[in-house]
Amino acid sequence: MEFLWEVLADAVEVLSRAGPELWMVVALTLAVSAASTGIGVLLGVPLGAALALGRFRGRGVLRLAVSVGMGFPPVLAGLLLLLVFWRSGPLGGLGLIFTPAAMVIAQVVLATPVAAGVVSGSIRGLGMVPMEQLAALRLGRVARGMVAVREARAGVATAVAASFGRVVAEVGAVLVVGGNIVGETRVLTTLIVEESRQARFGAAVAAGAVLLVIALFVNVAVGRLGGDGP
Amino acid sequence: MGSRSWLTAVLAAGLAAGALAGCSPDETRVTVVAGTTLVDGRLLEEVTAEYEAQRPDVRLSVVGAPTARALALAEAGSADVTITHDPSLEERFISEGRAELAEEVFSSRFILAGPRRVSGALRGLSAVEAFGRIAEQGHVFVSRADGSGTHQVERDIWDRAGVDPTGMQWYVETRQGMGLTLQVASQREAFVLVELSVFLSAGETTGLVDAALDPAGLDNPYRAMAVKGSPVADESRAFVEWLASRSGREAVRRANLELYGAQIFEP
């Protein structure tokens, strides 16, 4: 027990004299997670609506892809993108490897299927009657999708929270494509990995506390916007 | 699945985990904390496997940590044997009476790796001259910056070159192990001070070349120490003695040949 108290006391001390280095990590974590959540939701919501409402060729394949994507191992996504962005790889010329941009791309790959799956599920969850009303409106496809998304807005809020939750807590993909470089690509999760590997447990716990606060804050805020919590 | 078969599955998983952990009661576990460079270079894996084959009663658990961290772990009683490469830190550790036994066991060397088109101009220079040149031109340089033996050697060279690179636009600090640092240097087409075996194992994928500096001052001696006060003091001591013995040195030579086809870690 004494060991744990020491670690906690260390963590409090690390937080109390936290300098620009930690705040930079926090800022990058927020920026990368927000950007990838934003892009993931922008892509995922229309995709989810199309999956729930549309009748088109390839829908089955797309559905399967979304299901696979929702459970896709982040570290594997990271590895595949590392190969693609490696200097001598297919998109190496873009010079994206070990940059925040590569981290955002990796997390968009992780967030989009989650957003699509949640939105698709909540539109289908609206039930038969709203669906029939929707069909009776005689709208174009896009307009129909927009009405359905508006009806399922609590689902959209959940999609934002779930996407953000997945990317902010994720370590495998950002570690592999970002490289965890100080001042450039280090985020809270990769900082925790590094600190615990070096047995600086106080610093690791401090970073973990900040990560937890961010995750909680976003979940509560999004829950409010969507009109309901868990 | 019914509740019965769940139970079976859980039991099977438990058994598998037990088998993987492989805890045999008559095995003594010795924790060896070694420099990350040594662990990334894979030589130690071969050598410890050979020792375990000779001493089936001993299991060596190898953990990689930067030298400063490895010695701190030893001080805290979390390491039985250390194999590190920072002579000044090791001498302090010994003078504080913390080592039961200390032996210099083998030595490799550092090279400066860099992009082909600019490395040629540094050929034959001393490390100090080359570093000065890099700073002058502001060429990107990637540093471990993690308190490792490698990082210490790099800092000494900057000091002697009269350059403080910290905070410079062209100076990238990864604060991580040798393998990742080399990757970052490779992708940024940057210079990096790297231990030779790690550079050789990464091979062509880095796209970097050995700048072929004058090797003076770039040797990398490793010292193995049995930590005083270890609960497995006899086994720890025996392993360090073996590493320094004729048969230990033979094992290091064989591992070198197998991995690199040349004597990179000279016993």
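Could you give me the radius of gyration and the Dmax of the stretch B:39-187, taking only the C-alpha atoms into account and expressing both in angstrom?
17.9, 56
Counting pairwise Cα distances across the stretch A:33-143, what percent come out greater than 21 angstrom? Walk me through the numbers before you get to the answer.
Values: 2872 of 6105 pairs.
For the stretch A:33-143, the fraction of Cα-Cα distances above 21 Å is 47 percent.
Hey, how many Å between the Cα centroid of the stretch A:123-139 and the Cα centroid of the stretch B:100-179?
66 Å
Rounded to the nearest 500, what is chain B's calculated 222 nm mean residue ellipticity when only DSSP H runs of at least 4 contribute -39500 (n - 2.57) each, over all residues? Please report the intermediate quantities before stating the final value.
Values: 12 runs with 127 residues, N = 267.
Calculated mean residue ellipticity at 222 nm is -14000 deg cm²/dmol.
Could you pull out the trypsin sites (Lys or Arg not before Pro) across the stretch A:94-178 that fall in loop regions by DSSP (anything but H, G, I, E, B) with no more than 13 other Cβ atoms inside 10 Å?
A:Arg138
Tell me the trypsin sites (Lys or Arg not before Pro) within the stretch A:15-92 that lie in a loop according to DSSP and have at most 11 other beta-carbon atoms within 10 Å. Could you put the intermediate results ahead of the total?
Working: sites: A:Arg17, A:Arg55, A:Arg57, A:Arg59, A:Arg63, A:Arg87; in loops: A:Arg17, A:Arg55, A:Arg57, A:Arg87.
For trypsin sites (Lys or Arg not before Pro) across the stretch A:15-92 that sit outside H, G, I, E and B with at most 11 neighbouring Cβ atoms in 10 Å, the list reads A:Arg17, A:Arg55, A:Arg57.
Cα-Cα pairs above 21 Å in the stretch B:20-89: how many percent? Numbers along the way, then the final one.
Numbers: 681 of 2415 pairs.
Cα-Cα pairs of the stretch B:20-89 separated by over 21 Å account for 28 percent.
Search the structure for amide H atoms under 5 Å from the amide H of B:Arg29, placed 1.01 Å from N in the peptide plane, and list their residues when 5 or more places away or on another chain.
Answer set, sorted by chain and number: B:Arg59.
Can you give the Rg/Rh ratio of chain B, where Rg is from the C-alpha atoms and Rh is the Kirkwood radius?
Values: Rg = 21.1 Å, Rh = 20.0 Å.
When Rh is taken as the Kirkwood radius, the ratio is 1.05.
Using only the Cα atoms of the protein assembly as shown, what are the Rg and Dmax in Å?
Taking only Cα atoms of the protein assembly as shown, I get Rg and Dmax of 27.2, 89 Å.
With N set to the number of residues, divide the alpha-carbon radius of gyration of the stretch A:136-230 by 2.2 N^0.38 Å and report two decimals. List each step's numbers first, then the result.
On the way: Rg = 18.8 Å, N = 95, 2.2 N^0.38 = 12.4 Å.
Normalised Cα radius of gyration, the stretch A:136-230: 1.51.
In Å and from the alpha-carbon atoms only, list the Rg and Dmax of the stretch B:109-210.
In Å, with Rg to one decimal and Dmax whole: 12.1, 33.
Where the Cα atoms of the stretch A:2-226 are projected onto their three principal axes, how long is each span, largest first, in whole Å?
Sorted largest first, the three principal extents are 65, 45, 26 Å.
What are the ³J(HN,Hα) couplings of the stretch A:107-121, residue after residue, when phi is run through the Karplus curve with 6.51, -1.76, 1.60 and θ = phi - 60°? Round to Hz, x for glycine and proline.
6, 5, 4, 7, 7, 4, x, 5, 4, 5, x, 5, 5, 4, x
The numbers here are math on the coordinates, done by the rules we state, and not lab data. Because the structure is a prediction, the values reported are computed rather than measured. A quick note on method: Cβ atoms are made from the backbone with ideal geometry, for glycine too, and the neighbour counts reach across all protein chains shown.
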